[in-house]
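Asks: Please find one structure pasted underneath; my questions will follow.
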Amino acid sequence: MIKVPITSAMKRYATRNANRMGRIRNSITRGEGNVYGFLGEQIAQLVLGGEIVNKGKNYNVDYDLVLEDGVTVEVKTKKTKFEPKDYYECSVADLNTKQKCDVYVFTRILKDMTKGWILGYLNKEDYFKKATFLKQGEIDPSNNWKVSTDCYNLSINKLNTIEQLI
């Protein structure tokens, strides 16, 4: 995991784009998580380089970053109250499985938006081979979380380190 401090400029960018985007269809958080998603994209770009594709204008894209070698990256972000542990889960909602990306990069952003973590990555195909499918309403046995939407979960310790993608 790589810890990344979040600057006030990053927060302004994320807030501006989240407001521009508004509430997106099928959003688990009804749009309230957009700002964290944009922060996750920024910390991923800071570490990986490349270009952010979606700047709050269109949420109907298949990935968030394009790296210099052409690899497309979908960044999946969760808000957190604590520094992530390697047994915490990363999730991809079943609604998002058709995104045409090469890899998923997973991030966590502290609720107060002072820092974030890049947790690791997996290529899309490997993620779904390794992840556990959970139905809405089920209890995730790894953490007793009641699943809010059908999703695929995988613990952080089963991801590739981000250094392998750099």
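Asks: Identify all residues within the stretch 131-140 that are assigned to a loop (DSSP other than H, G, I, E, B) and over 25 Å from LYS3 (Cβ atoms); write none if there are none.
Replies: Answer for the stretch 131-140, where residues must be assigned to a loop (DSSP other than H, G, I, E, B) and over 25 Å from LYS3 (Cβ atoms): LYS135, GLN136, GLY137, GLU138.
Asks: Would you mind telling me which numbered condition in (1) in a helix (DSSP H, G or I); (2) at pLDDT below 95 LEU46 fails?
Replies: Every listed condition holds for LEU46 apart from (2).
Asks: Right, here's the next one. What are the residues in the stretch 83-97 that are of a type outside the set (Val, Ile, Thr) and either without any contact (Cβ under 8 Å) to a residue 24 or more places away in the chain or surrounded by 18 or more Cβ atoms within 10 Å (Cβ to Cβ) (or both), if any?
Replies: PRO84, TYR88, GLU89, CYS90, SER91, ASN96
Asks: State yes or no: is ILE24 modelled with pLDDT under 95, in contact with a Ser or Thr (Cβ under 7 Å, 6 or more places away or on another chain) and either more than 24 Å from SER148 (Cβ to Cβ) or surrounded by fewer than 19 Cβ atoms within 10 Å (Cβ to Cβ) (or both)?
Replies: Here the answer is no, as ILE24 does not meet what is asked.
Asks: Does the stretch 50-64 include one or more residues that are open to solvent by less than 40 Å² (accessible area, probe 1.4 Å) and within 13 Å of the chain's Cα centre (by Cα)?
Replies: The answer is yes; a qualifying residue exists.
Asks: Taking PHE128 as the residue in question, decide whether it is over 16 Å from THR107 (Cβ atoms), part of a helix (DSSP H, G or I) and either hydrophobic (A, V, I, L, M, F, W, C) or modelled with pLDDT under 95 (or both).
Replies: Taking the combined requirement at face value, the residue satisfies it.
Asks: Same structure, new question: Could you list, in sequence order, the residues of the stretch 111-140 that are without any contact (Cβ under 8 Å) to a residue 12 or more places away in the chain, exposed (fewer than 13 other Cβ atoms within 10 Å of the Cβ) and among the charged types (D, E, K, R)?
Replies: ASP112, GLU125, LYS129 - these are the residues of the stretch 111-140 that are without any contact (Cβ under 8 Å) to a residue 12 or more places away in the chain, exposed (fewer than 13 other Cβ atoms within 10 Å of the Cβ) and among the charged types (D, E, K, R).
Asks: Which residues, taken from the stretch 141-160, are free of Cβ contacts under 8 Å to residues at least 60 places away in the same chain and either open to solvent by less than 20 Å² (accessible area, probe 1.4 Å) or not in a helix (DSSP H, G or I) (or both)?
Replies: Our first condition is that a residue be free of Cβ contacts under 8 Å to residues at least 60 places away in the same chain; within the stretch 141-160, this holds for 141-147, 150, 158, 160.
Those that are free of Cβ contacts under 8 Å to residues at least 60 places away in the same chain and either open to solvent by less than 20 Å² (accessible area, probe 1.4 Å) or not in a helix (DSSP H, G or I) (or both): PRO141, SER142, ASN143, ASN144, TRP145, LYS146, VAL147, ASP150, ASN160.
Asks: Is the stretch 103-110 home to any residue that is within 22 Å of LYS85 (Cβ to Cβ), at pLDDT 95 or above and open to solvent by 10 Å² or more (accessible area, probe 1.4 Å)?
Replies: Taking the stretch 103-110 first, the residues within 22 Å of LYS85 (Cβ to Cβ) are 104-110.
Next cut, at pLDDT 95 or above only: 104-110.
Next cut, open to solvent by 10 Å² or more (accessible area, probe 1.4 Å) only: 108, 110.
Yes: one or more hits.
Asks: Now for a separate question. So, of the residues in the stretch 83-101 that are outside any strand (DSSP E or B) and among the hydroxyl-bearing types (Ser, Thr, Tyr), which turns out to be farthest from the chain's Cα centre (by Cα)? Give the steps one after another, and end with the answer.
Replies: If we filter the stretch 83-101 for residues that are outside any strand (DSSP E or B), which is where we start, we get 83-88, 94-101.
Subsequent filtering for residues that are among the hydroxyl-bearing types (Ser, Thr, Tyr) retains 87-88, 97.
Details: TYR87: 16, TYR88: 13, THR97: 13 Å.
The extreme case among them is TYR87.
Asks: Turning to a different aspect of this structure: Given the criteria under 22 Å from VAL35 (Cβ atoms) and not in a loop (DSSP other than H, G, I, E, B), does TYR104 qualify?
Replies: yes
The values are calculated or read from the model by the stated rules, or taken from the named source; none is laboratory data. Since the model is a prediction, treat every value here as computed from it, not as a measurement. FYI the Cβ positions are ideal-geometry reconstructions off the backbone, even for glycines, and counts take in every protein chain you see. SASA here: full protein model, heavy atoms, side chains in, ligands and nucleic acids out. Shrake-Rupley method; radii C 1.70, N 1.55, O 1.52, S 1.80 Å.
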